[in-house]
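Encoded as structure tokens, the structure appears first; notes follow it.
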Amino acid sequence: MILNEFDFSNQLANFFNDWKKIEQQQQEKVQQQLSFEEKLEQFFNDWRKVFINDKQLARFFAQYQSNEVQAPILAAQQQGLAVNVWQTAGLKTDEVRHSKVLKWFLDCRGDHGQGNAILLQLLRELPLLEKYQPKRYFTTEECCPLGNQESRVDIEIDADEFLLFIEIKINATEGQDQLQRYIDIAQAKAKNRDWLIVYLTRDGKLPEKYKAYKNLQGMSWMEISKILSVYTKKSEVNNRSAWLVKQFSDHIKNF
């Protein structure tokens, strides 16, 4: 029997869409604080509604292993299209290393050659600063903005128009009064400029007591990944730096 690729492709797409819906439903149930037993029951109830033809799926994977399909995949791998240098470099979840890479991408003087383009893509997602398009600015990592060694900012972007701090968290939590110290420092250094502190974490949420602050914005690694991905889609296909951006985007999106 010949596999109808169009029909099966639609069926497979529907399967994964339904799977995603189940995942979203489970997240909603978690928010409702259901018991483990109730969540498990709900999962299997929804799972029964998801259908895919097992015979067609078996044929799909059999065809996937064929030389005809594997040849272009192997060719792409040989050209380095499947590589991710950031995963190979062993960044893992090290906050200092990720801070260095992100700072490099945002630096208009970075030898990646992208100028201010990546920062501008980030600013579009920061309502307080989205109106700005600085061409030249200073980007510093592990910065002590006012010389206080106890208050090191992971990334500082100091432009004529604004001051931006980015505090990076992956596994760590906020230090004692850490954000309040950054607020005080940013206010003092920015003077009459706009200023913003981005709190970059896994879930993108600010600590409860800071949620009302307009100059603080929570952001997740997934959001940063999407910002970088949007940038790469606008870039030339042979832009090697854009390849590095895309690989970093793929690396951080599951934090």
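Some observations on this one:
- Of everything in the stretch 131-170 that is farther than 27 Å from residue 111 by Cβ and under 24 Å from the mean Cα position of the chain (by Cα), the residue that is surrounded by the fewest Cβ atoms within 10 Å (Cβ to Cβ) is 131.
Table: residues versus (1) under 17 Å from residue 232 (Cα atoms); (2) in contact with a strand residue (DSSP E or B) (Cβ under 7 Å, 6 or more places away or on another chain); (3) of a type in the set (A, V, I, L, M).
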| residue | (1), (2), (3) |
| --- | --- |
| 88 | no, no, no |
| 96 | no, no, yes |
| 104 | yes, no, no |
| 125 | yes, no, no |
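- Flag if residue 146 is among the hydrophobic types (A, V, I, L, M, F, W, C) and out of contact with any strand residue (DSSP E or B) (no Cβ under 8 Å at 6 or more places or on another chain): yes
So that you can scan it fast, the table gives a plain yes or no per residue for (1) within 26 Å of residue 115 (Cα to Cα); (2) in a helix (DSSP H, G or I):
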position	(1), (2)
204	no, no
209	no, yes
214	no, no
236	yes, no
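- Filtered residues of the stretch 193-217 (kept if in contact with a Lys or Arg (Cβ under 7 Å, 6 or more places away or on another chain) and either at pLDDT below 95 or within 18 Å of residue 120 (Cα to Cα) (or both)): 200
- Per-region count, the stretch 171-198, residues touching a helix residue (DSSP H, G or I) at 6+ places or on another chain (Cβ under 7 Å), crowded, with 18+ Cβ neighbours inside 10 Å and closer than 24 Å to residue 254 by Cα: 1
- Residues located in the stretch 56-92, provided they are surrounded by 13 or more Cβ atoms within 10 Å (Cβ to Cβ) and under 30 Å from residue 172 (Cβ atoms): 84, 85, 86, 87, 91
The values are calculated or read from the model by the stated rules, or taken from the named source; none is laboratory data. Here the structure is a predicted model, which is why all the values come from computation and not from measurement. Positions of Cβ are backbone-derived with ideal geometry, glycine not excepted, and every protein chain shown enters the neighbour counts.
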